[in-house]
Amino acid sequence: MKRILFIDRDGTLINEAPPTYQIDSFDKLEFYPNMFQYMIRIAKELDYELVMVTNQDGLGTVSFPEETFWTVHNFVMKSLENEGIHFSNVLIDKSLPADNAPTRKPAVGMLTEYFDTAKYDLANSFVIGDRITDVQLAKNLGSRAIWMNSDPDLCGAEIKDSIAALQSVIALESISWEEIYTFLKLGLRQVIHERNTNETKIRVELNIDGSGKANIHTGLGFFDHMLDQIARHGKMDLTIETKGDLHIDEHHTIEDTGIALGEAFAKALADKRGMERYGFALPMDEAEAKVLIDFGGRNWFVWNAEFKREKIGEMPTEMFFHFFKSFSDAAKCNLNIECKGDNEHHKIEAIFKAFAKAIRMAVKRDPLSNYLPSTKGVL
């Protein structure tokens, strides 16, 4: 099945020209910065079919005659083709917003042929555009959006009203074609993983290349706070929903959450090409935490930390060892943790923050490298 990049024209490939935002003369034409450099790479290196989808409000009317549009548009398309950037289809809707036409973005009337699941993989396709309607189009297609939101005030209240409901559709928000190319080349390291036993039911949503958003619910407040550190300081999006047998004790909830999170990482990091592999970090206040990690495909755990208190919050301090050991086993990584300090809260928080930073270093990727970081040729 083919993956598709549905690309808007104005505000993405070429800059829009206020006040009408109609590119109807050559003096208004300006190609988006670095667009050619990275669109050439996308066209040559990546396995996407390119489809242009654009609204041209009132095209063919007195205020927007077709002859002025086509002269500039054909020049744009020829410039792209001369650089090896070929669009398999160019779809233009000419209606006005008030028409509510079924062919006008975000409606999918122009795109019905792409719903053929035997030919096209919409779930792994993207819409690239600068308007909130492009994000809505991605949702209507069952795809994801790369939102080039160069002017957050352009749609005013529309963005504020819509963005929360569409947040899950946005895979990347960037006005940089370099970042878009990097994102498309490296792919999504995003998984949804569930682990259910008679003792716990756990759901983990992990986006390693996220922005630090966390939504953690384990039934243990201090544990939630620590897991939140992993997301925020590791700059990954992390949702964890754990329902465990807390009426017995905390053991299964904490240990199994560590296993489930480790399994989620193992899935998300399945292809480790171009990845740094190693990470290390240290301290917080008077506490010194050293965390070393190697996502090398083999588990090994070293723990050198002692706690004087039985509990921090409602979390037994003995369970910190079990959480990280469980993660190491499930993620198939070497994990060495050492901590010194006086304040027990500071010590464990330093460990979790250093753990997050170490992970962030280890999972960093180079988009120009296909190198597997191992002399063995396998990880």
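The values are calculated or read from the model by the stated rules, or taken from the named source; none is laboratory data. Remember, predicted model here, so these are calculated numbers, not experimental data. Positions of Cβ are backbone-derived with ideal geometry, glycine not excepted, and every protein chain shown enters the neighbour counts.
Observations
- Counting the residues of segment 109-144 that are in a loop (DSSP other than H, G, I, E, B) and of a type outside the set (Ser, Thr, Tyr) gives 7.
- The sole residue among Leu91, Leu80, Leu50 that is in a strand (DSSP E or B) and within 21 Å of Ile180 (Cα to Cα) is Leu50.
- Pro152 being of a type outside the set (Ser, Thr, Tyr), modelled with pLDDT of 95 or more and assigned to a loop (DSSP other than H, G, I, E, B): no
- The residue of segment 177-212 that is modelled with the lowest pLDDT, among those that are in a loop (DSSP other than H, G, I, E, B) and surrounded by fewer than 15 Cβ atoms within 10 Å (Cβ to Cβ), is Gly187.
- When segment 88-130 is filtered for residues that are of a type outside the set (Asp, Glu), buried (at least 19 other Cβ atoms within 10 Å of the Cβ) and over 14 Å from Asp57 (Cα atoms), the ones remaining, listed by number, are Met110, Leu111, Tyr114, Tyr120, Leu122, Ser125, Phe126, Val127, Ile128, Gly129.
- Among the residues examined, Asp342 qualifies as over 30 Å from Leu188 (Cβ atoms), at pLDDT below 90 and outside any strand (DSSP E or B).
- Which numbered condition His73 fails, given (1) touching an Asp or Glu at 6+ places or on another chain (Cβ under 8 Å); (2) within 19 Å of Asn15 (Cβ to Cβ): (1)
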